[in-house]
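The values are calculated or read from the model by the stated rules, or taken from the named source; none is laboratory data. Computed from a predicted structure; not experimentally measured. Cβ placement follows ideal geometry from the backbone for every residue including glycine, while neighbour counts extend to all protein chains displayed. Please note that ligands, DNA and RNA were not included when accessible areas were found on the heavy atoms of the full protein model with its side chains. Shrake-Rupley method; radii C 1.70, N 1.55, O 1.52, S 1.80 Å.
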Amino acid sequence: MADATGLFVSFEGGEGAGKSTQIRRLAAWLRELGHDVLVTREPGGSPGAEAVRHVLLSGAAEMFGTRMEAILFAAARNDHVEEIIRPALAHGTIVLCDRFMDSSRVYQGITGNLEPDFIEALQRVAVNGVVPDCTLILDIPAELGLERARKRASADAAPDRFEKEELQTHEKRREAFLDIAARDPDRCHVVDAQRGEDVIADEIAAIIEKRLSLADDVRATRPEVAQ
């Protein structure tokens, strides 16, 4: 759990699952309720991490191998955590992050064939104790997700280095995200991303509303510190 009084929510899932849309909708709803909300992303989120993002998504680091990519992701994540996420949580902000540590476990660990111990050691250093309170995994068949991602790319920009990979690789990642959710059900919630945008948004809002209620209950039962 994140320290202090904020709430840390990460969004995970394959390409084209609709994470950006649902983050935007959740942020708007929470702000209407009067919450202070920070929307951020990975790789990126802080000036240092954004510089690394360009290197990673452009494919410039691909020639150095998956191990180097994983190290770069970890370096970007640590900068993001220490410069942006931790201070926001300390001020009671709700942080919504598009991808976090589970993406490294899936992209560099499972389909990058890196050793689990190596990935987990990187994660411990990168997050330095800041773990999402809630992770929403938007689940969609890889073929459908890639179709959505390619339509978006044709309208906006070229596919990034990860969107170009083969269908089998993307389906393997989908299965890996579902496995993470099964192993950590207290933190992770799988959301069917094949449904309508409004239906998905309502389900996510209900999950977060429950999380906020639980957080309030915990704070209410904390003993006061004697002055």
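Odds and ends about this structure:
- Odd one out for Ala60 among (1) open to solvent by 10 Å² or more (accessible area, probe 1.4 Å); (2) under 14 Å from the mean Cα position of the chain (by Cα): (2)
- Here Arg41 qualifies as open to solvent by 20 Å² or more (accessible area, probe 1.4 Å), among the basic types (Lys, Arg) and within 14 Å of the chain's Cα centre (by Cα).
- Annotation: Arg31 fulfils all but one of (1) in a helix (DSSP H, G or I); (2) open to solvent by 30 Å² or more (accessible area, probe 1.4 Å); (3) of a type outside the set (Gly, Ala, Ser); (4) touching a residue at least 60 places away in the same chain (Cβ under 8 Å); the unmet one is (4).
- Residues being within 13 Å of Ser10 (Cα to Cα) and hydrophobic (A, V, I, L, M, F, W, C) are represented in segment 61-83 by at least one member.
- Being of a type in the set (Val, Ile, Thr), crowded, with 20+ Cβ neighbours inside 10 Å and at pLDDT 90 or above is not true of Val190.
- Residue list for segment 153-186, filter: of a type in the set (A, V, I, L, M, F, W, C) and at pLDDT below 85: Ala153, Ala155, Ala157, Ala158, Phe162, Leu167
- Against the list (1) closer than 20 Å to Glu120 by Cα; (2) open to solvent by less than 50 Å² (accessible area, probe 1.4 Å), the condition Leu89 fails is (1).
- Residue within segment 135-152 that is modelled with pLDDT of 95 or more, in contact with a helix residue (DSSP H, G or I) (Cβ under 9 Å, 6 or more places away or on another chain) and more than 30 Å from Ser58 (Cβ to Cβ) present: no
- Among the residues of segment 164-181, the ones that are open to solvent by 30 Å² or more (accessible area, probe 1.4 Å) and touching a strand residue (DSSP E or B) at 6+ places or on another chain (Cβ under 8 Å) come to 2 in all.
- Note on segment 102-133: among residues that are part of a loop (DSSP other than H, G, I, E, B) and of a type in the set (A, V, I, L, M), the one that is least open to solvent (accessible area, probe 1.4 Å) is Val130.
- Residue selected from segment 63-78 under the condition open to solvent by less than 50 Å² (accessible area, probe 1.4 Å) and within 14 Å of Leu122 (Cβ to Cβ), by the criterion modelled with the highest pLDDT: Arg77
- Every pair of residues 6+ apart whose Cβ atoms lie under 7 Å, when the first sits in segment 56-71 and is in a helix (DSSP H, G or I) while the second is among the aromatic types (Phe, Trp, Tyr) and open to solvent by less than 40 Å² (accessible area, probe 1.4 Å): Leu56/Phe73
- Filtering segment 73-101 to residues that are under 15 Å from the mean Cα position of the chain (by Cα) and not in a helix (DSSP H, G or I) leaves Ile94, Val95, Leu96, Cys97, Asp98, Arg99, Phe100.
- Near pairs, Cβ below 7 angstrom, 6+ apart or cross-chain, from segment 102-123 (under 21 Å from Cys134 (Cβ atoms) and free of Cβ contacts under 8 Å to residues at least 60 places away in the same chain) to any residue that is open to solvent by less than 20 Å² (accessible area, probe 1.4 Å) and among the aliphatic types (A, V, I, L, M): Ser104/Ala70; Ser104/Ile119; Gln123/Met101
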